[in-house]
Amino acid sequence: MKTNNHEVIFAIVNAGFAEDVMDVAREHGARGGTILNGRGVAREDALAFFGIPLHAEKEILMMVVEKDIKNDILNAIYKEMGMGKPAQGIAFTLPVSDVAGLVKTQEQA
């Protein structure tokens with residue numbers, strides 16, 4: 001089904017923080033997401049350059065959300081889980097051109 005009303009948010013955080021990110025996102029309208037396990041890679045000198053400890057194990061949280069709540073969710077993730085926090089998270093969005101399987105809530109019907 002074609003859509004121009006959704007985007008996918010990707011939040012990449014240190015292992016163990018994806019559920020916390022999901023809690024923050026839910027507070028701002030997200031209904032759910034999918035967590036994938038991953039492993040970060042960086043040049044050895046990047047550790048000294050950024051001055052942060054390297055945590056190789058990562059979690060990637062993907063959430064398909066409506067465009068009108070996307071910025072609220074991104075700002076909340078940055079505030080609560082950004083690089084200056086223990087989660088050391090980054091988040092970004094990509095447009096969604098087709099979507100299937102999303103269930104409309106009573107409010108959307």
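The values are calculated or read from the model by the stated rules, or taken from the named source; none is laboratory data. Source: prediction; values computed, not measured. Note: ideal-geometry Cβ built from the backbone for every residue, glycine included; neighbour counts use all protein chains shown. When the accessible area is computed, the model is the full protein with side chains, heavy atoms only, and any ligands, DNA or RNA have been set aside. Shrake-Rupley method; radii C 1.70, N 1.55, O 1.52, S 1.80 Å.
At 0.36 nm per residue, minus the direct Cα-Cα distance, what do Met83 and Leu36 gain on full extension? Give it in nm, one decimal, please.
15.0 nm
Mind grabbing the accessible area of Leu74 for me, 1.4 Å probe, Å², rounded to tens?
The value for Leu74 is about 40 Å².
Between Ala15 and Ser97, what is the label-point separation in nm under the 7 Å Cα-to-beta-carbon projection?
3.7
Please list, ordered by chain and number, the residues whose modelled amide H lies under 5 Å from the amide H of Gly40; skip anything fewer than 5 residues away on the same chain.
Those lying under 5 Å, H to H, from Gly40 are Glu57, Lys58.
Which lysines have a Cα lying under 20 Å from the Cα of Lys2, excluding residues fewer than 8 positions away in the same chain?
Leaving aside lysines fewer than 8 places away in the same chain, those within reach of Lys2 are Lys67, Lys70, Lys104.
Modelling each spin label as a point 7 Å along the Cα-to-Cβ direction, I'd like the Ile69/Glu27 distance in nm, to one decimal.
Rounded to a tenth, the inter-label distance reads 1.5 nm.
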